[in-house]
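What follows is a set of notes on a single structure, which appears directly below.
The values are calculated or read from the model by the stated rules, or taken from the named source; none is laboratory data. Quick caveat, the model's predicted, so the values are computed rather than measured. Backbone-built Cβ (ideal geometry, glycine too); neighbour counts: all protein chains shown.
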Number of protein chains: 2
Amino acid sequence: MRFFPEFGDDFLRLLESLEGKRIAVLGHLRPDADCLGSQVALCRLLMERGIEAVCVNFHPVPRALRLMVGDTPFFLADDFDAEGWTAVTVDCADIIRIGDYLREKFPHIYANIDHHISNPAYAERNLIDPTAAATGEVLAGLMFDLGLPVDVVSAQAMYVAIATDTGMFRYESITPRVFEIAAELLRRGASPSLTASWLFENEPFGKIELLRLFLESVQKSCDGRLCYGVLPLGCFSETGTTKEDAEGFVDYTRDVAGVDIGLVLEEYEPGKTKGSFRANSSGLRVDLLAIELGGGGHATAAGFNQPLSLKEFLPKVEAAVAEHLKQYDAGALLPVATST
Amino acid sequence: MRFFPEFGDDFLRLLESLEGKRIAVLGHLRPDADCLGSQVALCRLLMERGIEAVCVNFHPVPRALRLMVGDTPFFLADDFDAEGWTAVTVDCADIIRIGDYLREKFPHIYANIDHHISNPAYAERNLIDPTAAATGEVLAGLMFDLGLPVDVVSAQAMYVAIATDTGMFRYESITPRVFEIAAELLRRGASPSLTASWLFENEPFGKIELLRLFLESVQKSCDGRLCYGVLPLGCFSETGTTKEDAEGFVDYTRDVAGVDIGLVLEEYEPGKTKGSFRANSSGLRVDLLAIELGGGGHATAAGFNQPLSLKEFLPKVEAAVAEHLKQYDAGALLPVATST
C-alpha cells in the first residue's frame, strides 16, 4: 500500500532535479511546527543524498520547537547570502507567506511542497495535496512510499508537524492515512510523549498569571453565541511572557457551550488592536468576517488588525459578529472546502 | 497482520462461552471514557451475536460522554436486579474498582478484560494485556483481528476510549499499534473532530471562572520543583460547576518549566482535603508519595484524602514532597513499569 501513489514519481523526479544544486528550504513567516518539521525533513533528506541544503526563515524558530530542529542547519534570512542557491518552499500557501525580505532574495521559487487548498502553484515545480492534514504528512508519506531514509530527527519533526497541524489529532482534516503515517513515524523513533513535553510541559510560570488575567476578561455577547476575551496592553511584559504564551487562549472562549464563535482581542499598541476568531464549524465562515475587518484566514480560524483602541473597537466587532450570525442563520454564507 | 495474535483464540472462546447467558458488562467507579467505551463496544458485540447484554455502573455516565454510549443499554447499579446475570468487567484493575455495592450484587466475576499491569486476574476467565494503552485498544484490536462486526457507535466509543486513555495521544504508553487501530476505527466511522467536540467544546461558562479562581491560587514550592493550586471550599457551587469541570486542572501546575510534581488540593468538606499529584516522569513515583499520605495510584498520577483542613495540611504535604524529592535525587526510588 502506498500513501501518496499519485505523487511518488513527481517527488522522485524533483529530488533528482535537485542534484548538483545548492538548496535553500524556505518556510513561512512566524514558522509553526508543520513548516519547521517539513523543512527539517526535506533538508535532511537532501543532505543525506549528498545535496548541499539549508533551511532559511525570516523569523526565528520558536522556543518550544528549538529541540525539534536538532542539528539541521537553520539560517535567518538576514544572515543568509542567497547568491547561487535554489529556493524550495514548504508549507507556504502563497509566495507572500515567505515574507517580502525573502521574496527579494529569491525572486524565483523552484519548487513548492504544500497541503493548502488555496495554494496557486506559484513555483516551477509544484507538489500540493490538499487532502493531507499537514505538509509533514505529505513528506512523510512520500518518503515511506519511496523507501527513502528517515532518521529519528526527521521522524520526530514530521510527527510534531502532523500532531500540531491536526490540533493534537482533533481536526476534521484527519484521515486514516494520518494515523497510519503516525504509526510508521513511531517505528522510526518519533515519540508522542517527547512531543507533548516540548509543546506543553515547559511553560513559563508567568503564563499562569497571563491566563488568569485573560480569563478574568472573558464575556459572552450576541445572545451567548460570541464569547470573547482580552489581552490588555502591557500584559506580556507585566507577566514576563511573550505572544507565544497566549497561543491557544482563543480555545477557552470557543469551547464554552452554546458558543458559535470565540474571539481574542489584543491592544498590542495604544490605538491598535488585533483579533483572532475561532469557529466551531466551517459553515460559520469566520474568514469572511475577518476580511470585513481588514484581515483574512480560514473558515474556522481567521484574524485581523484594526487601527482602534480596544474600547473603540469592541462595539464594532460585536455588531459585525451579530450581523454575520444573522446571515449564517439565514443560510446566506457559502460553505467552503478547507485545509488548515 | 494481527494486533493481538496471542489473545484471539481466548477472546473467541470467551464469546462462545457467553452464548445463552445474560451478560452484565460492569465498569469501574466514576467511569471514564476507556471504561464506558469498552462497555459500549463489548455490550454491542454481544447483542449483535444474539446474546442478551446490558452495561451496569455504580456511578452515572458523565455529561460529556452521554452521546458516546448512544442507544447502548446502561443501568445504574441501584436500578438493576442482578439475579440470573453473569458479570464481565472491563477496564477494572481490581475487583474493588466496581464498588462495594456491585460486588455484593455480583460476588462472582466470570470474565475480566483489562490493560492494567496491576490487574490480579480476579475472574474465572481473564484477558489482560498491559502492553495496550487502553482497554478499548484491546477490544478494538481483537474485533478487527477476528473480523467481528464493529458498528459506528462502537467504533466511535473505542476511539474516544483510546484518545482519552492516551491523554489525546500524548502518553508514553502509545505504540504504533495504537495509531494503526485508530486508523481502522476511522474507517469504521469514528470521528476525531466529533470526539473533540464531545470532550472539549461544550464547557459550562462557569468553568472559565472556576479556572480563574484556581489559577489565582497557583504557587511554587520546594525550590520550584513542586507547583500546586487549590480548589477552595464552595468553589463549585459558587461558579455553577461540578468536580468534572476541574478535571485536568492539575496539568496547569505540572506543565510549568522546572516543575517535577504538580498538585491540586481541594478542601471538599470543612476539615477534609483531597489531593491529586501528577509527575513529569514515572521515575518520580508519586504513587509512593500518595501511599504515604493515605492514598495510591500510578507512578505519574496518584491521589489521596486527608482528614485535615487545607491550611493544616499544606505544610505537611510540602514537607512530604520535599523529603520525597530528596529520595528521588539520591536514586532511592525504584522505577516501575506502568500502565495507566
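Considering the conditions (1) of a type in the set (V, I, T); (2) within 15 Å of the chain's Cα centre (by Cα); (3) surrounded by 24 or more Cβ atoms within 10 Å (Cβ to Cβ), A:V88 is excluded by exactly one of them, (2). Counting residues in segment A:323-334 that are in contact with a strand residue (DSSP E or B) (Cβ under 9 Å, 6 or more places away or on another chain) and either at pLDDT 95 or above or more than 29 Å from B:P192 (Cβ to Cβ) (or both) gives one or more. Across segment A:176-203, the qualifying residues are those that are among the basic types (K, R) and in a helix (DSSP H, G or I), and the one among them that is farthest from the chain's Cα centre (by Cα) is A:R187. Among the residues that make up segment B:95-117, is at least one of them at positive phi and touching a residue at least 60 places away in the same chain (Cβ under 8 Å)? Yes, there is a match, as at least one residue in segment B:95-117 is at positive phi and touching a residue at least 60 places away in the same chain (Cβ under 8 Å). Filtered by the rule that a residue be surrounded by 14 or more Cβ atoms within 10 Å (Cβ to Cβ) and under 21 Å from A:N119 (Cα atoms), segment A:297-340 gives A:G297, A:H298, A:A299, A:T300, A:A301, A:A302, A:G303, A:F304, A:V336, A:T338, A:S339, A:T340.
Counting only residues that are touching a residue at least 24 places away in the same chain (Cβ under 8 Å) and not in a strand (DSSP E or B), segment B:51-74 holds 15 of them. Considering only segment A:110-153, how many residues are β-branched (V, I, T) and in contact with a strand residue (DSSP E or B) (Cβ under 9 Å, 6 or more places away or on another chain)? Total meeting the criteria: 5. Criterion applied to A:E137, A:E83 was being at pLDDT 95 or above and surrounded by fewer than 23 Cβ atoms within 10 Å (Cβ to Cβ), and the one residue passing it is A:E83. In the set A:S276, A:S282, only one residue is within 17 Å of A:H324 (Cβ to Cβ) and either within 14 Å of another protein chain (Cβ to nearest Cβ) or of a type in the set (D, E) (or both); that residue is A:S282. Of all residues in segment B:171-203, those that are closer than 30 Å to A:C227 by Cα and in contact with a Leu (Cβ under 9 Å, 6 or more places away or on another chain) total 4.
Set side by side, the residues B:F205, B:F214, B:F169 differ, and just one is buried (at least 22 other Cβ atoms within 10 Å of the Cβ) and either within 8 Å of chain A (Cβ to nearest Cβ) or in contact (Cβ under 8 Å) with a residue 60 or more places away in the chain (or both), which is B:F169.
Looking only at residues in segment B:136-166 that are hydroxyl-bearing (S, T, Y) and within 24 Å of A:L194 (Cα to Cα), the one that is nearest to the other protein chains (Cβ to nearest Cβ) is B:T166. Filtering segment B:152-162 for residues that are within 16 Å of the chain's Cα centre (by Cα) and either among the β-branched types (V, I, T) or closer than 21 Å to A:A190 by Cα (or both) leaves a non-empty set. Listed by first and then second residue, the pairs with beta-carbon distance under 7 Å, at least 6 apart or on different chains, first residue in segment B:251-269 and over 22 Å from B:K316 (Cβ atoms) and in contact (Cβ under 8 Å) with a residue 40 or more places away in the chain, second part of a helix (DSSP H, G or I) and among the basic types (K, R), form an empty list.
Considering only segment A:116-127, I want to know if a residue exists there that is crowded, with 22+ Cβ neighbours inside 10 Å and not aliphatic (A, V, I, L, M). Yes, there is a match, as at least one residue in segment A:116-127 is crowded, with 22+ Cβ neighbours inside 10 Å and not aliphatic (A, V, I, L, M). Of all residues in segment A:252-284, those that are surrounded by 18 or more Cβ atoms within 10 Å (Cβ to Cβ) and either of a type in the set (A, V, I, L, M) or over 25 Å from A:A93 (Cα atoms) (or both) total 16. Got at least one residue in segment A:235-251 being crowded, with 21+ Cβ neighbours inside 10 Å and part of a strand (DSSP E or B)? Within segment A:235-251 (the criterion being crowded, with 21+ Cβ neighbours inside 10 Å and part of a strand (DSSP E or B)), the answer is no, since none of the residues qualifies. As a summary of the residue check, A:D287 satisfies the conditions (1) over 25 Å from A:L211 (Cβ atoms); (2) modelled with pLDDT under 95; (3) surrounded by fewer than 20 Cβ atoms within 10 Å (Cβ to Cβ) except for the one numbered (3).
When A:G229 is tested against the conditions (1) within 27 Å of B:R63 (Cβ to Cβ); (2) under 21 Å from the mean Cα position of the chain (by Cα), the lone failure is (2).
Screening A:L26, A:L14 for residues that are under 16 Å from A:D91 (Cα atoms), surrounded by 16 or more Cβ atoms within 10 Å (Cβ to Cβ) and in contact with a strand residue (DSSP E or B) (Cβ under 8 Å, 6 or more places away or on another chain) leaves exactly one candidate, A:L26. Residues satisfying the criterion are present in segment A:180-202 (criterion: more than 23 Å from A:L65 (Cα to Cα), buried (at least 18 other Cβ atoms within 10 Å of the Cβ) and either more than 9 Å from chain B (Cβ to nearest Cβ) or modelled with pLDDT of 95 or more (or both)).
Residues are listed down the side, and each one gets a yes or a no for (1) at pLDDT 95 or above; (2) under 22 Å from the mean Cα position of the chain (by Cα); (3) of a type in the set (V, I, T):
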{"site": "B:L15", "(1), (2), (3)": "yes, no, no"}
{"site": "B:L18", "(1), (2), (3)": "yes, no, no"}
{"site": "B:K21", "(1), (2), (3)": "yes, no, no"}
{"site": "B:C35", "(1), (2), (3)": "yes, yes, no"}
{"site": "B:C43", "(1), (2), (3)": "yes, yes, no"}
{"site": "B:F58", "(1), (2), (3)": "yes, yes, no"}
{"site": "B:L67", "(1), (2), (3)": "yes, yes, no"}
{"site": "B:A93", "(1), (2), (3)": "no, yes, no"}
{"site": "B:I96", "(1), (2), (3)": "no, yes, yes"}
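Does segment A:225-252 hold any residues that are out of contact with any Phe, Trp or Tyr (no Cβ under 6 Å at 6 or more places or on another chain) and closer than 17 Å to A:V286 by Cβ, and which are they? Scanning segment A:225-252 gives A:R225, A:L226, A:C227, A:Y228, A:G248, A:V250, A:D251, A:Y252.
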